[in-house]
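Working notes, beginning with the structure itself.
Please treat every number below as a calculation from the coordinates, not as lab data. None of these values were measured; they are calculated from a predicted model. Every residue, glycine as well, gets a Cβ built from its backbone with ideal geometry; the counts of neighbours run over all protein chains shown.
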Amino acid sequence: MEKDFEPLKARLRRICDRLDADEQAYFRPLIDKFAGLTSEFQRIMRDLGKFGDKIGEGSKFEIYREVQHLYDQAFRKK
């Protein structure tokens, strides 16, 4: 089963666009090379926490939940 992580990557790229240039230079390669491994996803989620309020407007928890949902959806696709 091939996994479709493009919706997740698109959302992470929008988050990345909000970051400082140095943070973007670090985070964008993680997104581009993302292959769906749990360890990769855990690293991305950990880094989102480090970026704090820069990741979006409103509740960070909602953003984390949205990202987690997109990751989970990729595994449910047939």
Looking only at the range 14-60, count how many residues are part of a loop (DSSP other than H, G, I, E, B) and farther than 20 Å from Ala74 by Cα. 7
Among the residues of the range 59-78, write down those that are loosely packed, with under 10 Cβ neighbours inside 10 Å and either touching a Pro at 6+ places or on another chain (Cβ under 8 Å) or among the charged types (D, E, K, R) (or both). Arg76, Lys78
Complete set of residues in the range 27-58 that are among the small types (Gly, Ala, Ser) and surrounded by fewer than 10 Cβ atoms within 10 Å (Cβ to Cβ): Ala35, Ser39, Gly52, Gly58
